[in-house]
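Bear in mind that the values in this text are calculations on the coordinates, not laboratory data. Model, not experiment: these values are computed from the prediction. Cβ atoms come from the backbone with ideal geometry, glycine included; neighbour counts cover every protein chain shown.
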Amino acid sequence: MVGERGRRKAATAILFLAPSLVPMTLFMLGPMAGSLGLSLFRWDLLRPPKFIGLANFTNALADPALQEAVGHTLFFIVGYLPLVYVGGLLLALALNQRLRGLAFFRAAYFLPVITSWVVVAIMWRWLLNPGTGMVNFALGLVGIQGPGWWTDPTWAMPSIIIASAWKDLGYVMVILLAGLQSIPPEYYEAASVDGASRWTRFRHITLPLLSPASFFVLMISLINSFQVFDQVQVMTAGGPAGASTVVVQQIYVDAFRYSQMGYASAVSWLLFVAILAVTAVQFRLQKRWVNYA
Amino acid sequence: MPRDAASGTEDLAVPVHSGRRRGILSLGSRGLLYAALLVGAGVMLFPFVWMVSTSLTSDGQLFVTPPQLIPSPVQPDNYGRVADLYPILTFLRNSLLVALVSTSFQVLSSAMAAYAFARLRFRGADGLFLVYLATLMVPLPVIIAPLFIEMRYLGLINSYPGLILPGVASAFGTFLLRQAFLTLPRELEEAAFVDGASHWTVFWRIVMPLSKPALATFGIFAFMASWNSFLWPLVITNSLDMMTLPVGLSNLQGQYTTAWNLVMAGSTISVIPILFVYLAAQRYVIQGFATSGIKG
């Protein structure tokens, strides 16, 4: 009797799960396993695949192009993360005040978040146009000679960082604003009664109680930064002269320009493992600074 | 001095006003804050204004100094020109089709799976749910080569099914909707079961109607993610007639590198639909991002 009911229950569950489980298996779990298998082969899609063991991985670790791309990706992370976090925090603090027009400001700051990376990259390519671009024109008004931005190897990655931080500021703001609004006002009232200054209240109430939201948004941003691609592809395509290539671009080029499917898969698994490792370390470190009240 | 006095008196008023927001500022710092927020809003909005302005600028006026915020002459014809040069309307149709179809599938398949995880305590449910969650960690680049090979094998390169199929299920949506279903009171469902209703009936007649906000939040989210996605459409399409807007725009920009007015006309066209979705459902959109945290 119980077995019969259990079977019927399982049958119902399978019916409900199938529309999501079947595509998930075919287009996510299957390719994941496929990617791991593929990483052990040399395959250009023309000749039959050839098993080469871990050679793709050893080659990847010694590949100077990949090392450069890793360097550029890390440069991106180091420039982008502080900019977007501090900017988002300042906006969230400002919008957490009792102000008129809050809805307008929130909507305006959020607008870039819903815009596609391609459009954002195109907009900023135009704004940062070295010759007659708006940004260099504005800098010229205050007597600064603007750089060549995305046409200059030194400034290509900073250009991408500026566009990326501009786009994601609103996202960080919304997450941190939700965190700020969950801090009980009583804490601030008690601190005010005790004569704590605004800075002390910020340092000892806001920051610690905001730390779960900060942790969350930094984690998500970090994971996404490792996979930066769209804006790079459209703004610089990795140039000039390879000055702004990133890891995912390397995977894209290896797989779809050079048809090295096995090698690209190996690199993508190295990226995945790096992301998992950094995430695991972050979770370890969170005990030191994240305060779950 | 007067500033301190002012903030002092306002501080006294805290208990009276004690609402959810507690920014109590003096007039001076309030003015400064407004100024900063307005400058900030200008920085966030100006690139959009400049995009539209450039899209209306004539070829001869594109590179003049100082840049003209209001172009003279205004040249709306750029929109027609870009549509003649490039199949922008085809990109638009492809983007709409792909986004609408994959969103409908995602909402339905995720809701059904979410119901299974939230209400049918079948064997292995926890393990399977963990597998779903784990896939959220997998970056698209990890599966992109085998996925492409699979599509090639199925003969779906440069086709709508090739564009859509990888996006018909969503682990994220399953997770989000499961959380929403778990908060629903069970009494209604139990009453329905007593009356002999099946799980299918309960799902459609009770759970789905009660979860409209969560379904809307996820639906808008899925639509935006699909509308803006770039890497997969870039890989799977290879002719202009199959490209979605982001891929087509990137292509247009690569080809007409100095025709900024045409590129901006194309960009403006691609922003308008998503802008309407955003303005119509802003609350759901922002709330969705805030509660789920995931972004495209």
Per residue of B:29-42, other chain Cβ atoms within 10 Å number on average 4
Semi-axes of chain B from the Cα gyration tensor (sqrt of 5 times each eigenvalue, largest first, whole Å) come to 40, 36, 16
Put in order of increasing Cβ neighbours within 10 Å, starting from the fewest, B:Y153, B:Y132, B:Y34 give B:Y153, B:Y34, B:Y132
With +1 on the Cβ of every Lys and Arg and -1 on the Cβ of every Asp and Glu, the dipole magnitude of the range A:1-123 about its Cα centre, in debye rounded to the nearest 20, is 660
Rounded to one decimal in nm, the spacing of the 7 Å Cα→Cβ label points at B:D59 and B:L27 is 5.8
Taking r as the C-beta separation of B:R205 and A:Q145 and R0 as 45 Å, the FRET efficiency to the nearest 0.05 is 0.10
Candidate span helices, chain A: DSSP H, at least 20 Å along axis from Cα coords, Kyte-Doolittle average at least -1.0, result A:2-24, A:64-95, A:153-181, A:207-226, A:261-289
Whole-Hz Karplus couplings 3J(HN,Hα) for the range A:232-240, θ = phi - 60° and coefficients 6.51, -1.76, 1.60, Gly and Pro as x, run 5, 4, 7, 6, 10, 6, x, x, x
Counting other chain Cβ atoms within 10 Å of each Cβ in B:111-123 and taking the mean gives 5
Given unit charges at Cβ for Lys, Arg (+) and Asp, Glu (-), the dipole magnitude of the range A:55-289 about its Cα centre in debye, nearest 20, is 560
Of A:12-18, B:204-210, ordering from highest average Cβ density within 10 Å down gives A:12-18, B:204-210
Full extension between A:E186 and A:W199 adds, at 0.36 nm per residue less the Cα distance, a length in nm of 3.0 nm
Per principal axis, largest first, the Cα atoms of the range B:104-183 extend in Å by 42, 24, 20
If unit charges are put on Cβ atoms (+1 for Lys and Arg, -1 for Asp and Glu) and the dipole of the range A:1-86 is taken about its Cα centre, the option from A:G37, A:A11, A:P23 lying farthest towards the positive end turns out to be A:A11
Given A:151-162, A:77-88, A:280-291, the highest-first ranking by average Cβ count within 10 Å works out to A:151-162, A:77-88, A:280-291
When B:S55, B:S267, B:S29 are ranked with the fewest other C-beta atoms within 10 Å first, the list becomes B:S29, B:S55, B:S267
Label model pair B:V52, A:A277: point-to-point distance (7 angstrom along the Cα→beta-carbon line) in nm is 4.9
Quick calc, the protein assembly as shown, dipole around Cα centre from Cβ unit charges on Lys, Arg (+) and Asp, Glu (-), nearest 20 debye, gives 1160
Mean separation of Cα contacts under 8 Å (at least 6 apart) over the residue count of chain A, i.e. the relative contact order in percent, is 28
Per residue, the convex hull enclosing the Cα atoms of the range B:201-296 spans a volume in Å³ of 138
Expected integer from the mean partner chain Cβ neighbour count at 10 Å over A:24-37 is 6
Log10 I(q)/I(0) at q = 0.08, 0.11, 0.13 Å⁻¹ for the protein assembly as shown, from Debye over equal alpha-carbon scatterers, is -0.63, -1.16, -1.49
Row for chain A, column shape: gyration tensor on C-alpha, a ≥ b ≥ c, rounded if a/c < 1.5 i.e. under 1.5, prolate if a/b over b/c, else oblate; value oblate
Once both label points are put 7 Å beyond Cα along the C-beta direction, the B:F276-A:D63 separation in nm becomes 4.3
With only helices counted (DSSP H, runs n ≥ 4, each -39500 (n - 2.57)), the per-residue ellipticity at 222 nm for the protein assembly as shown, to the nearest 500, works out to -22500 deg cm²/dmol
Percent relative contact order for chain B, counting Cα pairs under 8 Å at least six residues apart, stands at 28
